[in-house]
Each structure stands twice: as C-alpha cells, then as structure tokens.
Amino acid sequence: MKILQVTWKRGNETIKHINKTENSWGIQLTISENRKLGSYTCTVTGEEEFSVAFHLQVPQIEGREKPVISYEGDSAILICKSHSYTPIAWTWYMTNGSEQIAINDSLMLDKYIIDRTDANVTHLKILKLTKEDDGAYWCEAAYELGKSKGKLKLKILSLMVPLKPFLAIVAEVVILVPLILLFEFYSKKKRAEDEKEFDQIEQLR
Amino acid sequence: MVNPSPGPGGTSWPLSFGKGASTETRSEINSSKQSSDVILFCCSGKASFARGQVRFNPNIGTLLVFPQHSLTCPKGNMLPRRREHIHPPQHLTCPALTQVNVFVMGMLKTFGIFFVAFQEDVGGSSEQVSWIGSIMSSLRFLGAPLVAVVCRRMGERPTSILGAGLVSGGCLLSTQATGVPFLCVSMGLLLGMGFCCLYQAAAVMTAKRCRTRLAFSNAVARSGMGLTFLTAPFTQLLIDTYGWQGTLLIFSGIMLNLVPSSMLLRPVRTQLPLCPPASNEDRSSVPKGHPEEATNGAAQPSQPRGLPSTEPPAEPCSTGAVTTAAPGEAPTDSCCPETISEATKSCRSFPVLKEEKPQPLVDFSPLKDPLFFIFTWSFLFSHLAYFVPIFHLVARARTLGISSMDASYFISVAGITETGSQLLSGWIADQNWTKKYHYHAAYLVLCGVTNLLCPLATTFPLLMTYAVAFAIFCGGFLALVLPVLVDLVGVQKLHSYLGFASFFAGIAAVGGPPLAGWLYDYTQTYACSFLFAGACALLSPVSFFLEPLAQRWKLQKANVSMQSEAILQGSSGRAGFGCSHSQMPTSTDLQCQSKNC
C-alpha cells in the first residue's frame, strides 16, 4: 500500500514535528507535567486508513476485587502496593455516600493507623470496626506526574453470621450423640435378655 | 474330602480337609477318656453354624484337632433361636475411617488456602506461616507412639473422641489468633495431635473389625482422600463469604461431627470368660478360638477340662487372639462364631485371669522385633518415594514448557487413578491368592522402575503416561500398608507397632520436602528428584526378602521359651497349639502338632 499521509494527534490537536525516516514516522515527547500525559494517536492514510493509540499514564494501582472480610470489634488491614515505581506519597480515602473523604490518621489515632515504613507499600489498619466502616476504600499513590487510585472493599460481618451455621452443626452433633448412646443401651439390653434365655435353655438340657 | 484316620474314643482326628473342600461334619465327639478329649481348632476360613451341624469351608490346608476338650454340638432344636442382635455391623467402622481420612487429609491439603489468608491478616513471613502447616502434618506421624500408649490404656473410642475434641478445640481457639506463634500452637500442635489420635484409633479399629476384607476396607477408607478435591473449592468459598475466622469456626463444627462417628467404634471383645471346670461334661465346651492369620499367636493353653484335683491355674478359654467373638456377629468374619457365643454364655463362672504380663506403660517391644524393622524400613522409603514426585511433578512439567493449566490435569488424573487403583489393589489382595506383602513389594518395584524412567518423559503425553502409571502403582502399595502390618504383626499389638512405625515415617515426612528442595538446588534439575524417588522405591521392598528368616527366628525363640515353660508346668495338656499354614504369614510362635505334644 502506498502511504500518502501519517498524522500524529493528541485529542484534536495535531503534532507537527514528526521525525521521519524511510519507513517510520515518529514523534518525540518530553513529559514534564501531567498535562502532557494522555492518548496519542497515529493515523496512517493510504488506500485505507489505520490508526493506533498510545496511552501514556501514571502507574495503575491494583486494589482488591474480592472484599476484605472482617468482624465487628475486630481490626482489619487494607494493603496497597506499587512495586515497580515508588510513589511520593500515599493517601487513603473512605467513601461516605458519594463523596470521598481523606483519612487523616493523626487526627483519629485510635481508629486508623497508616503504616508508612515501606515507600512501595501502604497499610491502612482500621481498629474497632463497626458496621459504618463497611464500604469502599481508595488508596491513592501520588507520583510526580500525577495520581492514581486503587479500590478496595471492606465488608463487616457481625459475629452472628458464621455462628449460625456453627450452632446448626453443633445441634446436629448434640442430637446424634444421645441417639447413638440410646441405641447402644438398647442393644445391650437385648443381648442381656438373649443371654438369660440361653442360660435357661442350657439348664433344661 | 475328609480323610479321617481313626483315633481313640471314636473320634476321627486329626481331621484334614483338602484346600477348597467343603465338608460337613457332625462333631459329636464323646469320649470316656479325659486324655482323648478333643477340641476343634479352626484355623481360618469361613464357617457357618446352623442347627447342630458345623460346616467348614476351609480354604486352608489343615485343621488340627488336638486332644483337650470334649465338644458336643447341641442337638438341632435345642439351639437358641438366633436372634438378630441390634449391633452396628462391622462395616460401620469403615465409614468412620473414611470420614477421618476425608477430614484429616482435606484439612491438610487446604492449609495452602489458609496460608494466604493468614499471611495477609496475621502477618509474618512466608517461612513462618509455613511452619504451621509443617507442624500440623508432621505431628500427625510423630505423635503416634504417644497416641498408641493412650489408645492402649483408654481404648480406641475414648481416644478417637479425644482426638475429635482436640481438633475442634484447636480450630475454635485459632479463631482468636493474633500472631503466628499462637497459630503454631493452636492450629499446628492441637490439630496435629488430634489428627494423630483419630487416625490411629480408626486404623486399628478397622484392622480389628474388618478382618477378612481388611485390604479392601482400608482401600475404601483411603479413597476418602480422593474426595478432598472437593474441600479446596469449598474452603475457598467459605473464606470468601466468612473470612478465615468464620471459616475456622465452621470447620470446628464440622470436625465435631467426628465425635458421633468415633462413638461407632465400639470396643470389640477380646477375652472370653473361663470355662467351668470338671462339673458339666455335657455342656458344650469352648472351641478354643482360632489363631487366624492376623493374630499374634501367643501361647494359650486351654484348660484341660475334667482334670480332677490338680486345679490348673484358671485361664481364659480364648486365645488372647480371638477378637471377633461378639455374639451375633457376621459369621463370615470368624471361624466358629456361634459356638463361641454359646461358650461365652456358658463359661462365666470363673474370674478371668490374664495370662500375659501386665503391659508396661510404653511398650518398647516393637523395637526388639525384627519384623518391625522390616516393616519400618519399607514404610519409610515408600513414603519418601511417594511424596517427592508429588511435589515436583508440576514444577518439572513447567520447566519442560507445559502450561500450568495442563500441568494441573496431571494432579487430578493422578488423584482419580490412584483412588481407583487402591480399590482394585485392596480387592485383589483380599482374594488371598498370595501373601499380601508380595503384592506390596511388586507394586513398589514397579513404582521404582517407573520413577527411574521418568526423566525420559519430556512431552505432555509421556508425562501423562508417567503420572498415570505412578498413580496406579502408588495406589496399589498404599492400600496395602496397613494390611501388611497386620499380617506381619497381628492385631493385638498393632497399636504400639503402628505408633512406632508412624513415628519413623514421620521423620521421613518431615525431612522429605526439604530434602527434595535441596536436591533441586544442588542439581538444578527436577529429574534427579525422580531418580531419587525411584531409588527409594526400589530400596524399600528389599527388607521383605528377610521376612521368612525373621519369622523363623521369632518362631525358634518362642518355641524355646514355650518348651521351657512347659517343662516348668509339667502338665501334659498344657501345650499350646497353633495352626500353621504355609500361605499365611503368621506370627504364631507355636507349631505344636498333635503328635509331638
């Protein structure tokens, strides 16, 4: 295919300085601030048109898909990691309705503890859990070029929840045990009766 | 066919029955002479008792009839009506062992899932958390001698209930865990000891109850481990719903179910009461029981009935070996059940005196027995040969470029094949075509050869073939471990033997995985682990070649001691006797034939 035109765009804005060699059309970017991040598209027009997009972004933080389960009165630890790139700072947010409120651990020392010993990993320890602590939490890593968030879910269960199946199983066991004891007692009685009967027969002989 | 040779007093003895013959004989042997009293001694095989006739279907060679007692079969209609005793039949203990296996192995295998949860919540490095798992699985073996002592003192049922309680309590306590050392004690120690108690009690109970079909029952019980593949997704589901603490709480409830199943392990009667002396000659006397192939042939002289003034020391009627004498028990299980049951009812006047010395607290006698070393050697090496390839099969598949999804098929196929092969091997061994340890040794050799050939398997189909072959042979020999021990040693002392054997196997289990890891680090290839496993598997049956020698040595030792005892006693009727059969590996020490005594 004969290539007629190659266009580099960012959004709607066309980039003019293209380094052209025989077979390649490249652009050189200096990403010095957040605004320079984004999607850069290269469109090749010939007989047909192809386009490809490059997404430049800050490192994505992975949260946890499955909720962290904890119990009322207990404590829970939420962990976020970013190993390949070291963030400058970590911030935690909790969701209140539709708003995200930053968690300030110096204000509420007996409730939240944020572990900052390792720069690549952050731990949020929540003490004395109650039902209100249930919900989504966000850990935000701040890099020079921007911020990125990861989502974690915390689910608080009351103690009764696992206790119910437990009690059901214990009840089943408690019913079975006397049943077996009764069964044995009954069969022992039967055996004693049989022996008595046999004795009588023997004596008759 | 019966070829009786005429004997004194109108008795035909010794009666010998050809193998596989079924004969009918009315055993009304009345004799005027006391010295020609006869006792019928049934060695093994099936006997059913109905209406005054004793039908023997021996599938062994000789029935030794020995002059001791007079036996009068009750005339037909005088038999007590055979009531159906309400009695949990013997096959209820096998589900108990199956259940134990499912829970124990399931818990051990799903520990990996808890591992992840513990690491996140409780903290601690990977190495620290894995200590919990290794303490749990190694205590299962290492605690066996202690548990054997407890079992012998308290009986199997209380021990099993204690084990279930320990496991439940351990799980409950772990829900409150705050750190790794806490978990090491609560989950590792308590659960490990609990599993050990459960396992030992259930294994010995199975050996005592399921006599004729021990190999098959053992295989069925072990196949419960095959169900553990269900426990992993179940555990994951529980953890996702309730968190690890809730899961442990529910597990402790599930383990509590082991309490009712342990209550089904009813103690088996091991002693018959005494025969009354001279007074009633018409009464049916006790047929002496029968040293089956699975019993310790301790010398049990019968009490000569009708010996007038010299009251011999009162001795129990039974050989110490008769254990399946509960009345109403399925006759296929013992030789002469009904007559024994009658005898139980009739022989009750004398107090029972134990002939054996009072057992010491910890029975170290297995350590003096060559058979024990033969068994332990083979047990140890076969365990090493089993565990190492399991750890490294998936890793080797990965190094050969097979994806981990495909590699996990190996595990599932191997698991299913192993279960099937265990059942088949147990069934075959129960047919008694040859001694069980021959099968055991054969499977081990084949397993070793397979392992040695494994480094040649470099593609997926070849590795799958290896996995299937390995699973077949492993299943074969695993099903026979307990039956072989029972054959070698007998049921009476099974506790101490099993305890010590498990202890040594536990050392192998503890050392096995690190050894395998070290092998990999040293040679940088997994092929060596398979060669090592193959070598272990080939080494392990070597000890069985020494078994006939060891038996002979034991026999000579026991004969010498018996003869000296007979001289001391000085009474003619006191020789014990045993049934010898060329095919059954018996540890009966006594080979006193009728002519020699």
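List residues of region A:74-89, by number, whose backbone nitrogen lies under 18 Å from a label position 7 Å along Cα→C-beta of residue A:128.
It comes to A:74-77, nothing else.
Summarise the partner chain shielding of A:63-72 as one whole number: the mean count of Cβ atoms from other chains within 10 Å of each residue's Cβ. Numbers along the way, then the final one.
On the way: counts 0, 1, 0, 2, 2, 3, 11, 3, 5, 0.
Mean shielding count: 3.
A 27 angstrom limit on the alpha carbon distance is what I want to check against. Which of A:66/A:147; A:188/B:435; A:36/A:66; A:164/A:188 exceed it? The partial results should precede the final answer.
Numbers: A:66/A:147 23 Å; A:188/B:435 38 Å; A:36/A:66 34 Å; A:164/A:188 37 Å.
Beyond 27 Å between Cα atoms: A:188/B:435; A:36/A:66; A:164/A:188.
Specify which residue in the list A:145, A:14, A:91 is farthest towards the positive end of the charge dipole of chain A, using unit charges on the beta carbon of Lys, Arg (+1) and Asp, Glu (-1), about the Cα centre.
The listed residue farthest towards the positive side: A:14.
For a quick protection proxy, order the peptides B:103-116, B:552-565 by their average other-Cβ count within 10 Å, most packed first.
Details: B:103-116: 19.6, B:552-565: 13.9.
Top of the packing list down: B:103-116, B:552-565.
Which of the peptides B:481-487, A:10-16, B:458-464 is most tightly packed, and how do the rest follow, judged by the mean count of other Cβ atoms within 10 Å per residue?
Values: B:481-487: 25.3, A:10-16: 10.1, B:458-464: 14.4.
Averaged packing, sorted descending, gives the order B:481-487, B:458-464, A:10-16.
Enter the angle in degrees (range 0 to 90, nearest 10) between the Cα long axis of helix A:160-204 and the first principal axis of the Cα atoms of chain A, meaning the one along which they spread out most.
Once rounded, the angle reads 30 degrees.
Which FRET efficiency, nearest 0.05, do residue B:549 and residue A:89 yield, Cβ-Cβ r, R0 60 Å?
On the way: r = 78 Å, r/R0 = 1.29.
Result of the calculation: an efficiency of 0.20.
Which value in nm describes the separation of the simple spin-label points at residue A:120 and residue A:99, placed 7 Å from the Cα toward the beta carbon?
3.7 nm
Between residue A:14 and residue B:127, what's the calculated FRET efficiency when r is the beta-carbon distance and R0 is 35 Å? Round to 0.05. Before the final figure, lay out the partial values.
Numbers: r = 57 Å, r/R0 = 1.64.
Computed FRET efficiency for residue A:14 and residue B:127 comes out at 0.05.
If we count every other residue with Cβ under 12 angstrom of residue B:475's Cβ, Lys/Arg +1 and Asp/Glu -1, where does the sum land?
Net charge around residue B:475: 0.
Once every DSSP H run of n ≥ 4 in chain A is given -39500 (n - 2.57) and the sum is divided by its residues, what mean residue ellipticity at 222 nm do you get, rounded to the nearest 500 deg cm²/dmol? Write out the running numbers ahead of the final one.
On the way: 1 runs with 45 residues, N = 205.
My calculation for chain A gives -8000 deg cm²/dmol from helical runs alone.
Could you tell me the calculated FRET efficiency between residue B:507 and residue B:560, based on Cβ-Cβ distance and R0 = 35 angstrom, to the nearest 0.05? List each step's numbers first, then the result.
Working: r = 35 Å, r/R0 = 0.99.
For residue B:507 and residue B:560, the calculated efficiency is 0.50.
Values quoted throughout were computed directly from the atomic coordinates according to the rules given, and no laboratory measurement underlies them. The shown structure was predicted, so the numbers you read here are calculated from the model rather than taken from an experiment. A quick note on method: Cβ atoms are made from the backbone with ideal geometry, for glycine too, and the neighbour counts reach across all protein chains shown.
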